[in-house]
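Readers should treat all values here as calculations from the given coordinates under stated rules, not as data from a laboratory. From a predicted model like this one, the values you see are computed outputs, not experimental measurements. We place every Cβ from the backbone using ideal geometry, glycine too, and count neighbours over all the protein chains shown.
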Amino acid sequence: MGVSIELEVNGASVSDEVEPRLLLAHFLRENVGLTGTKIGCDTSQCGSCTILLDGKAVKSCTLLAVQADGGAVTTIEGLANGDYHPVQQAFWDNHGLQCGFCTPGMIISCVDLLSTNPQPSESEIRHGLEGNLCRCTGYHNIVRAVQDAAETMNG
């Protein structure tokens, strides 16, 4: 027996009938077709599934789709409006990605961090990204990308 949900995903209204236990990450990938949201651990440890729900970063692998009912979701696909979002551009410019698996969640977390702290210190950036794991970069270029994005966005 399904449950009807309606939410806004990247500015578009989406309604569907879902199983009550369907995770938001699976809903976004399978029902909506937005595969930028990655599933890396199913335990909210890696951060690859991070999306914005009502403007706040949340890990969608431990959130039920029914819990997002009535909310506004932004995924990595919804950040850019024709051009890259400044955080996406900064990741590109500063080589803040390698394999790319963690990148969508990392970028969403950075967008959230910069929305609450427009000029974070290096320490604040590292603390703000603690819930996101990257196996490739060693984080140095990711931190540089966030600093670059902060400068671009907030002068």
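With 0.36 nm allotted per residue and the present C-alpha distance subtracted, the Ser115-Ser13 stretch has 34.3 nm of extension available. Rounded to the nearest 500, the 222 nm mean residue ellipticity of the chain from helices alone is -9000 deg cm²/dmol, with -39,500 (n - 2.57) taken per DSSP H run of at least 4 residues.
A crude spin-label estimate for the pair Ser4 and Tyr84, with each label 7 Å from Cα along the Cβ direction, gives 4.2 nm. In the chain, the inverse of the mean reciprocal separation of distinct Cα atoms equals 15.7 Å; this is its Kirkwood hydrodynamic radius. Applying 1/(1 + (r/R0)^6) with r as the Cβ-Cβ distance of Gln45 and Ala72 and R0 = 35 angstrom yields a FRET efficiency of 0.85. Every pair of different Cα atoms in region 86-154 enters the Kirkwood calculation, which places the hydrodynamic radius at 11.4 Å. With a ≥ b ≥ c the root eigenvalues of the C-alpha gyration tensor of region 3-79, is it rounded (a/c under 1.5), prolate (a/b larger than b/c) or oblate? Taking the square roots of the gyration eigenvalues as a ≥ b ≥ c, region 3-79 is oblate. Just name one of Met1, Gly105, Thr43: the one whose Cα is farthest towards the positive end of the charge dipole of the chain (beta-carbon charges, Lys/Arg +1, Asp/Glu -1). The Cα lying farthest towards the positive end belongs to Thr43.
Once the Cα-Cα distance is subtracted from the 0.36 nm per residue extended length, the Thr62 to Glu151 segment shows a gain of 28.7 nm. Here region 3-79 is assigned +1 on the Cβ of each Lys and Arg and -1 on the Cβ of each Asp and Glu. Its dipole about the Cα centre then comes out at about 360 debye. Summary: within the chain, the longest segment free of trypsin sites (Lys or Arg not before Pro) located in DSSP loops with at most 12 other C-beta atoms within 10 Å is 22-134. Overall, the chain carries a charge dipole of about 460 debye about its Cα centre when +1 sits on the Cβ of Lys and Arg and -1 on the Cβ of Asp and Glu, all other atoms neutral.
Full extension of the segment from Gln98 to Cys136, taken as 0.36 nm per residue of separation minus the current Cα-Cα distance, would add 13.1 nm. Rounded to the nearest Å, what's the spacing between the alpha carbon centres of region 1-64 and region 72-105? Just the number, please. That distance is 18 Å.
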